[in-house]
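Colleague: Dropping the structure in here first, questions after.
Each value in this text was obtained by applying a stated rule to the coordinates, not by laboratory testing. A quick note: this is a predicted structure, and the numbers were derived from the prediction, not measured. Methodologically, a virtual Cβ is constructed for each residue, glycine included, from the backbone with ideal geometry; neighbour enumeration extends over all protein chains shown.
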Amino acid sequence: MEFISNCTADAISKAAKALKDGHLVAFPTETVYGLGADATNENAVSQVYAVKGRPTDHPLIVHISSINQISKWAIDIPDYAIKLARDFWPGPMTLILKKSELAKDFITGGQENVGLRVPNQPLALALLAEFESLGGQGVAAPSANRFGAVSPTTSLAVSEELEKYLDSNDLILDGGNCQIGIESTIINCTYITPTILRPGAITNEMIENSIGSKLNLNTLDSDIKASGLLDKHYSPKARVILNMLAKPGEGFIAMASISTPVGAIRLTSPTNNQEFARVLYEALRDGDRFNLSEIKVMVPEGNGLADAIKDRLYKSAE
Ligand code: TXA
Ligand code: MG
């Protein structure tokens, strides 16, 4: 594995070529780091599953450089999905759409739909554009962590987590800290009206404003498989316990307005929900770096982004 910290144009073309040659490239997005592979190359994609230790019936999101690539991968796209894509791409939103012929079972986990996203990160967009200029169609990229673990928001976290599983030709591109810090909002666009499969920084309110109607929040998509929907996920090694104050020697994550209990190890003190999302995963990882056995987290208040943070915290604490 090669770690590239100075991602010049040369580094990006090297990475695009590595993808085209069937190697893996971990790269930054605005949400979390992704572990990328050519989404049409079955061998490369199977390597992604092996490196992550992820069951192969869990589908991968295909990353594309712009909305113009959407019809390569999806068919029967509803008008509201086009509206969402126009309003929020590039950005932290994944659309689940009826798949085209290009999306094979090894990408979709055998389902009839495909997840698509245009990330809003300069390095990621440059890599995707360069890959497409070499004839590539899209980059499959799950979060660059082992299955069930916390998503990485720094390149160091990617290498700590995956170094020993990557091959010598695989690359990790450093692009600094991820600006959003939690994974994209996933929207199921295979019905007449959209439903939210995973909350994120594109909030229900933003979606409702875009499509001009209310979301049905009671729908259960029992036929959709998404590993982020598993109860246990996003977990550090330390046990995560919510809404209790930390005892001496335990880790503590809370808004800056909540003071640190005596003897507790303060892992972060964000001042608002945006910052909470951005720093949360590194704070959980720091708990593991310090070998803490318990991390107490005071969940943030509010809706929108706070709902997405709570979703991750409830699952990491299961
Ligand atoms: O922000 C993100 O979405 C990041 C960055 C790298 O783009 N990616 C990410 O991928 O979080 P992953 O694989 O860790 O989580 C994607 C979730 C999984 O739960 C997967 O099962 C679900 O999306 N998913 C992907 N394709 C799907 C599909 N066709 N149908 C239903 N769920 C799908
Ligand atoms: Mg993930």
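Colleague: I'd like the FRET efficiency for Glu205 and Asn6, computed as 1/(1 + (r/R0)^6) with the beta carbon distance as r and R0 of 51 Å, rounded to 0.05.
Modeller: Numbers: r = 39 Å, r/R0 = 0.77.
Computed FRET efficiency for Glu205 and Asn6: 0.80.
Colleague: Please state the charge dipole magnitude for segment 51-210, taken about the Cα centre, from unit charges on C-beta atoms (+1 on K and R, -1 on D and E), reported in debye and rounded to the nearest 20.
Modeller: Details: 12 positive and 18 negative charges, 42 e Å.
Here the size comes out at about 200 debye.
Colleague: Compare the Cα positions of Ile258, Thr154, Gly176 along the charge dipole of the chain (+1 at Cβ of Lys, Arg; -1 at Cβ of Asp, Glu; about the Cα centre) and return the one farthest towards the positive end.
Modeller: Ile258
Colleague: Near Ala264, within a Cβ-to-Cβ distance under 11 Å, what is the net charge of the other residues, with Lys and Arg +1 and Asp and Glu -1? Intermediate values should be presented prior to the final figure.
Modeller: Details: positive: Lys247, Arg266, Lys296; negative: Glu250, Glu294.
So the environment of Ala264 carries a net charge of +1.
Colleague: Compute for segment 239-316: radius of gyration divided by Kirkwood radius, i.e. Rg/Rh, restricted to C-alpha atoms, rounded to two decimals. Mind showing how you got there, number by number?
Modeller: Values: Rg = 11.3 Å, Rh = 12.2 Å.
Rg/Rh for segment 239-316 comes to 0.93.
Colleague: Could you calculate the FRET efficiency of Ser168 with Glu318 from 1/(1 + (r/R0)^6), where r is the beta carbon distance between them and R0 is 25 Å, rounded to 0.05?
Modeller: Numbers: r = 37 Å, r/R0 = 1.47.
With a Förster radius of 25 Å, E is 0.10.
Colleague: Give Lys83/Lys315; Lys52/Lys310; Lys164/Lys237; Lys83/Lys214; Lys52/Lys237; Lys20/Lys72 a once-over and call out the pairs whose C-alpha atoms are over 20 Å from each other. Each step should come with its number before you reach the end.
Modeller: Values: Lys83/Lys315 31 Å; Lys52/Lys310 24 Å; Lys164/Lys237 18 Å; Lys83/Lys214 15 Å; Lys52/Lys237 16 Å; Lys20/Lys72 18 Å.
Too far apart for the 20 Å limit: Lys83/Lys315; Lys52/Lys310.
Colleague: Further question: Please give the net charge around Lys164, taking every other residue with its beta carbon less than 12 angstrom from that of Lys164, where Lys and Arg add +1 and Asp and Glu add -1. Display every interim value, and only then the final one.
Modeller: Working: positive: Arg146; negative: Glu160, Glu161, Glu163, Asp167, Asp170.
Combined, the nearby Lys, Arg, Asp and Glu give -4.
Colleague: Still on this model: For Gly251, what charge total do you get from the other residues with a beta carbon under 15 Å from its beta carbon, if Lys and Arg give +1 and Asp and Glu give -1? Numbers along the way, then the final one.
Modeller: Details: positive: Lys237, Arg239, Lys247, Arg266, Arg285, Arg289, Lys296; negative: Glu250, Glu282, Asp286, Asp288, Glu294.
Net charge around Gly251: +2.
Colleague: Taking each pair of distinct Cα atoms in the chain once, what is the resulting Kirkwood hydrodynamic radius in Å?
Modeller: Working: mean 1/r = 0.0507 Å⁻¹.
That comes to 19.7 Å for the chain.
Colleague: Placing +1 at every Lys and Arg Cβ and -1 at every Asp and Glu Cβ, with all other atoms neutral, what dipole size does the chain have around its Cα centre, in debye to the nearest 20? Before the final figure, lay out the partial values.
Modeller: On the way: 29 positive and 37 negative charges, 95 e Å.
Charge dipole of the chain: 460 debye, to the nearest 20.
Colleague: Then there's this: Mind checking the full-extension length gain between Lys17 and Arg86? Use 0.36 nm per residue of separation minus the Cα-Cα distance, one decimal, nm. Mind showing how you got there, number by number?
Modeller: Values: separation 69, 0.36 × 69 = 24.84 nm, distance 2.91 nm.
Length gained between Lys17 and Arg86: 21.9 nm.
Colleague: Quote the convex hull volume per residue of segment 1-42, based on C-alpha atoms, as a whole number of Å³.
Modeller: Details: hull volume 3.6 nm³, N = 42.
In segment 1-42, the Cα hull volume divided by residue count equals 86 Å³.
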